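Enquirer: There's a structure below that I have some questions on.
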Amino acid sequence: QAQLVESGGGLVQPGGSLRLSCVASKSIFRINTMGWYRQAPGKERELVATIISAGSTNYADSVKGRFTISRDNAKNRVYLQMNSLKPEDTAVYYCNARSEYDLQWLWGQGTQVTVSS
């Protein structure tokens, strides 16, 4: 089984909403930070949002006020609620999990988000 599995992507109209979900394998040792990154065609992968186990969050300026990251530590899940979506949000979204002291960076396979009329 994959260590990280994303779901929830799809096609949505501008102004719409999507909720992404990612579950991490219990075999990942001492996950601290989890987050979401995205990569649009022809561009570098970029940070979207991160959340640590204690609950503190960080967002890219481009998504502040529109996206909300949350997590369920007991279930090893992280979510990304995306509201007021724009065409420029179109990208493959990747779940990320880091082991203690960031010794390992693990990635999901990605889920496509397309914002278009």
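No lab work stands behind these numbers, since they all come straight from the coordinates. Just so we're clear, the structure is a prediction, and the values are computed from it rather than from any experiment. Positions of Cβ are generated from backbone atoms using ideal geometry, with glycine treated the same way; all protein chains shown enter the neighbour counts.
Enquirer: Using 7 Å Cα-to-Cβ label points, what is the R66/Q104 separation (nm, one decimal)?
Expert: The two pseudo-label positions are separated by 3.4 nm.
Enquirer: So how far apart, in nm, are the two label points at Q13 and E44 if each is 7 Å from Cα heading toward Cβ?
Expert: 3.6 nm
Enquirer: If you place +1 on the Cβ of every Lys and Arg, -1 on the Cβ of every Asp and Glu, and leave all else neutral, what size is the dipole of the chain about its Cα centre, to the nearest 20 Debye? Present the calculation step by step, with values, prior to reporting the outcome.
Expert: Numbers: 13 positive and 9 negative charges, 51 e Å.
Around 240 debye, computed over the chain.
Enquirer: Pairs of alpha-carbon atoms within less than 8 angstrom and 6+ residues apart define the contacts here; what relative contact order does region 1-49 have, in percent?
Expert: Details: 44 pairs, mean separation 13.7, N = 49.
The value is 28 percent.
Enquirer: Here's a follow-up. Across region 32-46, in residue order, what do the Karplus-derived ³J(HN,Hα) couplings come to in whole Hz, using 6.51 cos²θ - 1.76 cosθ + 1.60 with θ = phi - 60° and x for Gly and Pro?
Expert: 10, 7, 10, x, 10, 10, 9, 9, 8, x, x, 10, 6, 5, 10
Enquirer: Report the percentage of all Cα-Cα pairs in region 57-102 whose separation exceeds 14 Å, rounded to a whole percent.
Expert: Details: 623 of 1035 pairs.
So the pairs more than 14 Å apart make up 60 percent of the total in region 57-102.
Enquirer: Which ³J(HN,Hα) values, rounded to whole Hz and listed in residue order, are derived for region 90-101 from phi using the Karplus coefficients 6.51, -1.76 and 1.60 in 6.51 cos²θ - 1.76 cosθ + 1.60 with θ = phi - 60°, glycine and proline given as x?
Expert: 4, 4, 8, 9, 10, 7, 10, 9, 10, 6, 3, 6
Enquirer: Next question. How big is the charge dipole of region 1-63 about its Cα centre, in debye rounded to the nearest 20, if each Lys and Arg gets +1 on its Cβ and each Asp and Glu gets -1 on its Cβ? It would help to have the intermediate numbers written out before the result.
Expert: Details: 6 positive and 4 negative charges, 39 e Å.
For this selection, approximately 180 debye.
Enquirer: On to the next question. Of all the Cα-Cα pairs you can form in the chain, what percent are over 16 Å apart? Mind dumping the intermediate values first?
Expert: Working: 3821 of 6786 pairs.
Of all Cα-Cα pairs in the chain, 56 percent lie more than 16 Å apart.
Enquirer: Right, next: So which GluC sites (Glu not before Pro) in region 1-68 are both in a DSSP loop and have at most 11 other Cβ atoms within 10 Å of their Cβ? Before the final figure, lay out each step's value.
Expert: Values: sites: E6, E44, E46; in loops: E44.
Answer by residue number: E44.
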